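The values are calculated or read from the model by the stated rules, or taken from the named source; none is laboratory data. Being a predicted model, the structure only gives us computed values, none of them experimental. Because the Cβ atoms are built from the backbone with ideal geometry, glycine has one as well, and the counts that use them run over all protein chains shown.
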Amino acid sequence: MQEFDIIVVGGGHAGCEAALASARMGMKTAIFTISLDTIGVMSCNPSLGGPAKSHLAREIDALGGEMGRNIDKTFIQIRVLNTRKGPAVRSLRAQADKMAYANEMKKTLEHTDNLSVIQGMVSELVVEEENGKKIIKGIKIREGLEYRAKAVILATGTFLRGLIHIGEINFSAGRMGELSSEDLPLSLEKVGLKLGRFKTGTPTRIDGRTIDYSVLEEQPGDKSQVLKFSNRTKDEDALGRKQISCYIAHTNEKVHEIIRNAKERSPLFNGTIHGLGPRYCPSIEDKIFRYPDKNQHHLFLEREGYETNEIYLGGLSSSLPVDVQEEMIKNIKGFENAKIMRYAYAIEYDYVPPEEIKYTLESRTVENLFLAGQINGTSGYEEAGAQGLMAGINAVRKLRNEEPVILDRADSYIGTLIDDLVSKGTNEPYRMFTARSEYRLYLREDNADLRLTKLGYELGLIPEEEYQRVEKKRKDVGIITEILTKTNVGPSNPRVNEILLKRGESPIKDGSTLLELLRRPEVTFEDIKYISEEIKGLDLKDYNQDTTYQVEITVKYEGYINRALKMIEKHKSMENKKIPTDIDYDDLKTIPKEAKDKLKRIKPINIGQASRISGVSPADIQAILIYLKMRG
Ligand code: FAD
């Protein structure tokens with residue numbers, strides 16, 4: 001019987017990050033997956049990033065995860081979304097060569113020390129009772145072997161009792177063409193975990209050779225600047241990647257009519273699907289019935305790789321029968337001769353309601369069992385990767401008897417994600433939005449490295465060189481800001497009013513600091529550099545764009561950022577009020593039973609967390625504060 005420190009079940013986005021973190025932190029680790037050929041596969045859209053998701057991906061990178069580096073090696077298009085909106089929502093989005101992304105991730109796993117990569121369908125958890133506690137001891141695979149481990153991380157995605165629906169047809173599968181995991185959910189129930197049912201869906205894929213692109217809107221990538229998810233990717237490698245265009249098409253009234261006429265054949269509407277789907281990622285039939293007044297919807301055409309003609313049709317996720325899908329496609333402008341390569345489908349699967357997990361992602365029922373990714377009720381690669389990384393880190397820390405790493409929601413989107421899941425639970429697949437963070441002006445993708453690299457370094461996941469680079473950036477931002485504050489310019493510098501007029505800003509008559517100039521909405525750091533060339537002894541040209549962008553954002557949005565920092569200060573004062581683990585909520589007579597039950601189950605570690613639990617009122621929080629004060 002083979003023995004490991006940590007076993008990870010699942011080779012998806014959560015499982016890969018968990019296994020890499022565990023192995024890189026020195027644990028003897030094994031990752032199990034149903035098929036070695038589908039490690040790191042993007043089940044749905046061949047892309048990473050976009051609002052809030054890019055924030056998560058950058059945070060994963062800053063903590064030493066793999067997702068950012070992997071997409072930088074395999075993207076076929078990259079650009080920044082929301083460039084006209086504020087910096088909080090500005091976000092990087094990359095289109096992946098889907099198979100290259102998966103292959104690259106598999107290669108990384110296979111070349112990581114301490115990590116065994118094993119194909120096997122895990123059918124059972126080995127759990128033993130010790131002193132009245134259930135403790136994980138390992139796993140069994142369907143092939144009949146048992147593997148022992150001190151901790152197990154479950155990251156099984158949409159595979160638990162996965163059931164695919166296409167119109168009137170349904171069949172078991174974890175994803176199209178892959179086995180579903182039928183025994184493991186029974187084992188989870190047997191050891192006392194509750195299971196719920198969610199659903200998600202994926203769109204039709206078209207043969208790109210059969211599309212008339214001349215009538216569609218082109219969306220090229222951005223090659224004008226260095227864009228990358230990971231700071232550890234070399235600029236020249238990111239800039240050197242060949243990029244290909246995406247396109248936009250639209251549905252129309254005819255397509256909507258086809259969908260309306262097929263309503264009774266949709267498993268979503270005829271009662272066949274019971275699981276709840278992601279409200280913010282609806283199928284096309286959902287959109288047609290939810291927004292009857294809209295006479296068109298956008299469709300985003302994304303090629304799935306350099307070497308394939310398969311085109312992903314973002315926005316056309318569906319569970320309608322294949323004949324209806326054929327009819328829909330033929331009636332879209334530019335698709336008159338289009339040939340479908342893969343049909344859209346919906347999938348229902350078991351998940352574990354996140355009330356089951358602690359803030360460390362460890363199960364409340366079985367000790368040393370951790371859960372990460374879609375199994376916790378989330379949706380999305382970045383959400384999965386973030387949890388995988390944290391589960392990996394915390395499993396290692398637990399085995400080493402070290403303090404857990406619980407990220408604060410004021411410091412990261414990863415913290416926000418886990419706090420939301422654990423404190424509030426979710427009754428639909430949870431995906432991240434910038435609106436979920438009350439501190440979004442501070443939690444930007446551009447400062448993820450400044451916020452989290454130090455922690456990644458302390459955990460042993462970030463190399464010294466990268467840590468030093470980030471610390472230099474932090475120092476340089478301070479130095480440049482001071483220079484800008486202290487440097488005065490006047491109209492005698494010919495470049496000042498030249499730039500101001502060019503930018504549509506009013507010219508200056510008297511002196512101004514460079515900082516005041518940069519604060520003007522239309523003036524960029526590049527303009528300040530240009531002006532500074534006329535100032536003797538001042539040299540700003542050697543600072544890189546990453547650093548100067550940071551200065552620009554912090555100067556321009558200083559007021560907003562300071563407001564966010566004040567809120568964070570207030571928030572931290574609540575987070576710093578710890579709740580002792582031995583608190584007996586039954587002593588607090590004024591707290592209603594429902595709130596008490598939740599507090600007892602979720603076991604918040606501080607007052608801030610307690611206050612975010614749904615059903616716990618401000619009066620209950622006051623009662624806890626008074627009680628703690630009296631206890632001394
Ligand atoms: P997955 O990526 O699903 O990986 C699960 C892994 O676990 C696989 O490697 C599998 O082999 C392994 N596994 C499962 N059971 C066992 C077992 N018993 N033994 C061994 N290995 C096992 N997300 C979005 O953000 N937007 C979307 O539009 C979207 N649409 C989707 C449509 C479909 C059809 C599907 C299937 C998923 C969709 N998703 C979407 C979700 C996205 O794919 C997941 O959120 C993400 O992949 C979850 O990552 P994960 O690591 O948790 O699980």
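Overview of values
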{"item": "Residues of segment 349-378 classified as touching a Gly at 6+ places or on another chain (Cβ under 6 Å), more than 11 Å from the ligand (Cβ to nearest atom) and hydroxyl-bearing (S, T, Y), total", "result": "1"}
{"item": "Tally of residues being outside any loop (DSSP other than H, G, I, E, B) and within 16 Å of the ligand (Cβ to nearest atom) across segment 42-66", "result": "9"}
{"item": "Checking I60 against (1) closer than 29 Å to L36 by Cβ; (2) surrounded by fewer than 24 Cβ atoms within 10 Å (Cβ to Cβ), the condition it does not meet", "result": "(2)"}
{"item": "Positions within segment 426-458 being crowded, with 19+ Cβ neighbours inside 10 Å and assigned to a loop (DSSP other than H, G, I, E, B), in sequence order", "result": "T426, P429, R431, M432, S437, Y439, R440, L441, Y442, L443, R444"}
{"item": "Members of segment 504-525 that are loosely packed, with under 15 Cβ neighbours inside 10 Å and of a type in the set (D, E)", "result": "D510, E522"}
{"item": "Some residue of segment 466-484 being in contact (Cβ under 8 Å) with a residue 60 or more places away in the chain and out of contact with any Ser or Thr (no Cβ under 8 Å at 6 or more places or on another chain)", "result": "yes"}
{"item": "Selection within segment 85-118 - modelled with pLDDT of 95 or more, part of a loop (DSSP other than H, G, I, E, B) and surrounded by fewer than 22 Cβ atoms within 10 Å (Cβ to Cβ)", "result": "H111, T112, D113, N114"}
{"item": "Residue that is surrounded by the most Cβ atoms within 10 Å (Cβ to Cβ), among those in segment 264-286 that are more than 10 Å from G167 (Cα to Cα) and among the β-branched types (V, I, T)", "result": "I284"}
{"item": "Matching residues in segment 379-394 - criterion: being closer than 25 Å to K600 by Cβ and within 16 Å of the ligand (Cβ to nearest atom)", "result": "Q387, M390, A391"}
{"item": "S187 being closer than 25 Å to N427 by Cα, among the polar types (S, T, N, Q) and without any contact (Cβ under 8 Å) to a residue 40 or more places away in the chain", "result": "no"}
{"item": "Condition check for F229: within 16 Å of the ligand (Cβ to nearest atom) and within 30 Å of L452 (Cβ to Cβ)", "result": "no"}
{"item": "Every residue from segment 186-209 that is surrounded by fewer than 20 Cβ atoms within 10 Å (Cβ to Cβ) and over 12 Å from I347 (Cβ atoms)", "result": "L186, S187, E189, K190, V191, G192, K194, L195, G196, D207, G208, R209"}
{"item": "Residue count for segment 7-41, restricted to those that are part of a helix (DSSP H, G or I), more than 7 Å from the ligand (Cβ to nearest atom) and buried (at least 24 other Cβ atoms within 10 Å of the Cβ)", "result": "8"}
{"item": "Selected residue [in contact with a strand residue (DSSP E or B) (Cβ under 6 Å, 6 or more places away or on another chain), closer than 15 Å to A386 by Cα and not polar (S, T, N, Q)] from L81, L48", "result": "L48"}
{"item": "Inter-residue pairs, beta-carbon under 6 Å, first on the phi > 0 side of the Ramachandran plot and in segment 48-72, second in a strand (DSSP E or B) and at pLDDT 95 or above, 6+ apart", "result": "G49/L92; G49/R93; G49/A94; G50/R93"}
{"item": "Cross-chain or 6+ apart pairs with Cβ under 6 Å, segment 383-408 first and within 9 Å of E17 (Cβ to Cβ), then of a type in the set (V, I, T) and more than 11 Å from the ligand (Cβ to nearest atom)", "result": "G385/I60; A386/I60; A386/I414; L389/I60"}
{"item": "Some residue of segment 67-81 being in a loop (DSSP other than H, G, I, E, B), closer than 30 Å to D546 by Cβ and within 15 Å of the ligand (Cβ to nearest atom)", "result": "no"}
{"item": "Residues being at pLDDT below 90 and part of a loop (DSSP other than H, G, I, E, B) - total across segment 606-632", "result": "3"}
{"item": "The listed residue being within 10 Å of the ligand (Cβ to nearest atom) and farther than 21 Å from T426 by Cα, out of A149, A155, A173", "result": "A173"}
{"item": "Residues (among the β-branched types (V, I, T) and part of a strand (DSSP E or B)) located in segment 119-170", "result": "V122, V126, V127, I135, I136, I139, I141, V152, I153, I164, I166, I169"}
